[in-house]
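The values are calculated or read from the model by the stated rules, or taken from the named source; none is laboratory data. Since the model is a prediction, treat every value here as computed from it, not as a measurement. Glycine gets a Cβ as well: all are built from the backbone with ideal geometry, and neighbour counts include every protein chain shown. Please note that ligands, DNA and RNA were not included when accessible areas were found on the heavy atoms of the full protein model with its side chains. Shrake-Rupley method; radii C 1.70, N 1.55, O 1.52, S 1.80 Å.
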Amino acid sequence: MLSLLKSDTAPRLKPLGGIKVELAGSSGCGTTGGAGKSGCGSSAGPADMPPEIWEKVKNHPCYSEEAHHHFARMHVAVAPACNIQCNYCNRKYDCSNESRPGVVSQKLTPDQAVKKVLAVASTIPQMTVLGIAGPGDALASPHKTFETFRQLQEKAPDIKLCLSTNGLMLPDYVDEICKYNIDHVTITINMIDPDIGAQIYPWIFYQHKRIHGREAAQILTERQMLGLEMLTARGVLTKVNSVLIPGINDQHLIEVNRAVKARGAFLHNIMPLISEAEHGTVFGLTGQRAPSAQELKEVQDACMGGANLMRHCRQCRADAVGLLGEDRSDEFTLEKVEQMEVVYDLDKRRAYQAGVEAQRAAQVAAKQAAQAAQQADDGIKVLVAVATKGKGRVNEHFGHAHEFQIYEVSANRTAFVGHRRVDHYCQGGWGEDDVLPSIVTAINDCHAVLVAKIGACPRDELKEAGIDPVEKYAHEFIEQAALSWFAEYRERVANGEIVHQTRGDASIRQGAYLAA
Ligand code: CLF
Ligand code: SF4
């Protein structure tokens, strides 16, 4: 069970001078652990943690996998500067067409940011979390960051506050973080070994000096670990984000996972590198490749048993608005916000969220009932892709999906294990045949794709590729649908109608990167 809120039980480790990882005896982590009944901290429920922790995570879309189907978050871009350089980063301040961290359409002052938050909160009542995640580092512009939080704490007391940082200045601001009730902090930690760090960070700017290479990475890792320990001791839920960079830190992230668990991290979010040359990052320009979907999953799976894993990250822009995976920031430009009539009605928001909570409870109950109805596990496990636009249901048409959610299904268990971004197949009434092969490639390790509707042409191509296109569970809850499909699949295998085969790897590159 959780011990991270008690400073007397928080693991205290020696500073990482020699970079030798010590594992704490207790989990020091958010849930029953990776081997617990959920197997993944982010999908844990109220039975897995003390009530005060459940209160903090239950409607945070990043800290609870279940919540991300129902609750929204937003970011305000008040922190443009950064104090380190990551080889995967190139920030852009007026970009509306790239969806990745470090990119925003407009920088905001704290006053503008507060106005925008209130406008979004009165329009999207299921928006429960406000994060500051750049486009630079939230703690490299501490005055702007904390002024925004200060005002919001007064004007929108029901919104959870969330901060993302590279950790360099974190130990200096833990008091301030606690002062404004910032319950959720993300630290991006890509290494605990400075030799690996030197391949990721060319420099840091610390104590009025630019420091390069191994020395820079050594300072950074020590500051990150100290900051994590301090937050744990103060009861702040802390998530660690790591960027998976093939050939540099892929195997090393397993050590990172254990080290952050030992220091009380609630969740570990291992994200794929984004390294497109057109983004102009060092890694993009030097040809450093991104991991495939399968490589990402392998590293995540290898970390099971360590810190609990988040697998539903969408690597949001620093001005993202809406459910994870959707972006409504265009609806809330400064110009539009100025024209909006903003009524921040706390009671109305609470009433709406109670309705959302009821939907979520229905989804959980459906999942539990479906799992209880299944037979004993025979070791067969498959992946199923799902087209959804939220509310935990199979409710998106194949042709309209801009991502597929991936579930691992066995006889009595379903677990969300990731998502795959795709281009829309349907282009305003007709199918884009050129797009279809890339969609098939993106989900080619799945046995079935559950959709609300699908046309004849993609249906045939999917079947040809050995992926079962399934419409019959349209609008049902995802887990219930996946288990029902799997029960039928096993029956067909048992009848000799089909032969169970493991499927090939999803070899698509997973575009993505950096801080929360
Ligand atoms: Fe934003 Fe980050 Fe808070 Fe979430 S995002 S500051 S913890 S509210 Fe979430 Fe977006 Fe992934 Fe970040 S999906 S990039 S993990
Ligand atoms: Fe700074 Fe974040 Fe960019 Fe790294 S990824 S240089 S921490 S803004």
Completion exercise
Output ordering of 306-318, 259-271 (per-residue mean of other Cβ within 10 Å, highest first) is 259-271, 306-318
Practice task
Grab the Cα-Cα distance for residue 500 and residue 362, subtract it from 0.36 nm times how many residues apart they are, and report the gain in nm with one decimal.
Solution key: 46.5 nm
Problem - Segment residue 347-residue 179, length gained on full extension (0.36 nm per residue, minus Cα span) - result: 57.9 nm
Practice task
Take every DSSP beta bridge with both residues inside the stretch 375-507 and express the antiparallel ones as a percent of the total, to the nearest 5.
Solution key: 70 percent
Problem - Cβ-defined net charge surrounding residue 155, 15 Å radius [Lys, Arg +1; Asp, Glu -1] - result: 0
Practice task
Sticking to Cα atoms, compute the Rg of the stretch 109-207 to one decimal and its Dmax as the biggest Cα-Cα distance, whole number, in Å.
Solution key: 15.2, 48
Practice task
State the extension gain, in nm to one decimal, for the chain segment bounded by residue 278 and residue 301, taking 0.36 nm per residue of separation less the distance between their alpha-carbons.
Solution key: 5.2 nm
Completion exercise
Sorting 281, 502 on solvent-accessible surface, 1.4 Å probe, most exposed first, gives 502, 281
Handout entry: the stretch 443-477 versus the stretch 248-271: alpha-carbon centroid distance in Å
Key = 35 Å
Practice task
Once you have a ≥ b ≥ c as the square roots of the Cα gyration tensor eigenvalues for the stretch 264-325, tell me rounded if a/c is under 1.5, and otherwise prolate or oblate according to whether a/b is larger than b/c.
Solution key: oblate
Fill in the blank from the handout: Scalar couplings 3J(HN,Hα) for the stretch 403-415 by Karplus 6.51 cos²θ - 1.76 cosθ + 1.60 (θ = phi - 60°), nearest whole Hz, x for Gly and Pro, are 7, 10, 8, 10, 10, 8, 10, 10, 4, 10, 7, 10, 9
Problem - Residue-count net charge about residue 55 - beta-carbon cut-off 11 Å; Lys, Arg +1, Asp, Glu -1 - result: +1
